[in-house]
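A short worksheet on the structure shown next.
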Amino acid sequence: AAIEKGGYDHFMLKEIFEQPKTIYDSFRGRLDVEHNTILLSGLDSIKDKLLAARRIIIVACGTSWHAGLLAEYIIEELCRVNVEVEYASEFRYRNPIITSEDVIIAISQSGETADTLVALENAKKQGATIFGLVNVVGSSIARISDAGAYTHAGPEIGVASTKAFTAQLAVLQLFALKLAKLKNTISEERYVHLLHELNAVPQKVQWILENELENIKTIATKYKDANDFLFLGRGYNFPIALEGALKLKEISYIHAEGYPAAEMKHGPIALVDLTLPVVFIATKDSYHEKIVSNMQEIKARKGRLIAVASFGDMTTLELAEDTMVVPAADEIIAPLLSVIPMQLLAYYIGVERDLDVDKPRNLAKSVTVE
Ligand code: G6P
């Protein structure tokens, strides 16, 4: 087992560290910055359906659902098409309206999650076209899909998903950009800019792993005994707030909630006191001024302010008690970076609490029964 872990203490840490390579692998043969093109044959094969679709429905569970939520924000922004994100367990039972004009994107690491699989079977019967975004080659969801793309993250052993999630985001970014290009809803300039930004993601992830590790370990040690955590984000970083809370819950058994930063006023702000760590995913984007004022509100109530901030952002650095820094990036791409500190924070808090981070109690790698 020690050999399988490649010198790391746990599979989870090994898989976090693999991400510069796995993200690169999900771009390989697809993202071509020399010719400014994206090759995604699965998308091409349902191109007519996609161009005619009145909406796209994304179906997933768990961490994969968080990837779907971000995809909703990005696809709607870039492609100007309606996107719905559904929990597979709800979608399969609530008699949803599905027509042959709907395209469904199914997101699943394992390709075997029962709720997702049955939701797709139902949708298929009603004529929808299924695009599967799956990590495990030849899995049930891959086989039921009309078209798809593999995430190429390699086997993921840690129960809490890390590298499979960033691979999903990487491919979904390509999907959105390619569709936007086909629909002509993006300028050539922004398209080329985003292609190059995507291409730089693996080295930026590497930067975080090299430069922020010790800092995040220190932060983990400092907050490891908290009873609750709040994770807040806006816009493209809202799904990352949800994922940050989920990772912490799974690995450390600390109660954590993820919320849209402004929505905290409608509930979670009642929890804020001297002991509550509040993590803001506050990278520099078009929402930044808004999230800064949310941070000030927490500070005024004496919450423990922790932030994920863009390199060089002094405002956030001065406001927060502790900061985890990520390289600057376009706001659409930034979540691929801001999730890395979330994974590391959860990991090190779990390790500090002496828990089995690779196999948290009660959780399964893939939920193949209801
Ligand atoms: C389980 C795993 C999660 C995963 C979820 C969905 O809960 O522990 O890590 O996100 O299932 O799994 P899938 O394989 O469909 O992505």
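Laboratory data are not the source of any read-out in this text; all were calculated from the coordinates shown. Being a predicted model, the structure only gives us computed values, none of them experimental. A quick note on method: Cβ atoms are made from the backbone with ideal geometry, for glycine too, and the neighbour counts reach across all protein chains shown.
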State the dimensionless ratio Rg/Rh of the chain (Rg: radius of gyration of Cα atoms; Rh: Kirkwood radius).
-> 0.95
Neighbour-count ranking [beta-carbon atoms within 10 angstrom, fewest first] of ASP330, ASP225 | ASP225, ASP330
Can you give the helix-only mean residue ellipticity at 222 nm for the chain, where every DSSP H stretch with n ≥ 4 adds -39500 (n - 2.57) and the sum goes over all residues, rounded to the nearest 500 deg cm²/dmol?
-> -14000 deg cm²/dmol
In degrees, nearest 10, range 0 to 90: what is the angle between the Cα axis of helix 201-211 and the longest Cα principal axis of the chain?
-> 20
Could you please state, rounded to a whole Å, how far the C-alpha centre of region 241-273 is from the C-alpha centre of region 118-143?
-> 32
Which whole-Hz couplings ³J(HN,Hα) result when phi for each residue of region 345-362 is put into the Karplus expression 6.51 cos²θ - 1.76 cosθ + 1.60, θ = phi - 60°, listed in order with x for Gly and Pro?
-> 4, 4, 4, 6, 5, x, 5, 4, 8, 6, 9, 7, 5, 6, 9, x, 4, 6
Where does region 307-362 land on Rg(C-alpha)/(2.2 N^0.38 Å)?
-> 1.38
Which semi-axis lengths, in whole Å and largest first, follow from the square roots of five times the eigenvalues of the Cα gyration tensor of region 78-227?
-> 31, 23, 15
Rounded to two decimals, what ratio of Rg to Rh does region 232-364 give with C-alpha atoms and a Kirkwood Rh?
-> 0.96
Of all DSSP beta bridges having both residues in the chain, the percent classed as antiparallel (nearest 5) is 5
Evaluate the Kirkwood expression for the hydrodynamic radius of region 221-260, namely the inverse of the mean inverse distance over all pairs of different C-alpha atoms, and round to one decimal in Å.
-> 10.1
Which angle between 0 and 90 degrees, to the nearest 10, do you get for helix 288-300 versus the longest principal axis of the chain when only C-alpha atoms count?
-> 40
Evaluated at 10 °C with a viscosity of 1.306 mPa s, what Stokes-Einstein diffusion coefficient in µm²/s does region 191-245 have when Rh comes from the Kirkwood expression over alpha-carbon pairs?
-> 115
Taking every other residue with Cβ under 13 Å from the Cβ of VAL326 and scoring Lys and Arg +1, Asp and Glu -1, one gets -4
Per residue Cα convex hull volume for region 1-110, in cubic angstrom?
-> 149
Pairs from LYS217/LYS284; LYS125/LYS249; LYS14/LYS224 whose Cα-Cα separation, in the structure shown, is over 30 Å = LYS125/LYS249
Starting from the Cα gyration tensor of region 1-65, multiply each eigenvalue by 5, take the square root, and state the resulting semi-axes largest first in whole Å.
-> 34, 19, 8
Residues with amide H under 5 Å from that of VAL325, placed H, sequence gap 5 or more | ALA309
Which of MET314, MET12 comes first, and how do the rest follow, when ranked by fewest Cβ neighbours within 10 Å?
-> MET314, MET12
Paired Rg and Dmax values of region 74-162, which use every Cα atom, in angstrom = 13.3, 38
Cα centroid of region 3-49 to Cα centroid of region 290-361, whole Å | 24
Helix 213-223: angle to the longest alpha-carbon principal axis of the chain, degrees 0 to 90, nearest 10?
-> 60
Mind sorting GLU86, GLU189 by how few other Cβ atoms lie within 10 Å of their own Cβ, fewest first?
-> GLU189, GLU86
Of PRO202, PRO360, PRO268, the most mobile residue in a GNM of the chain (C-alpha springs, cutoff 10 Å) is PRO268
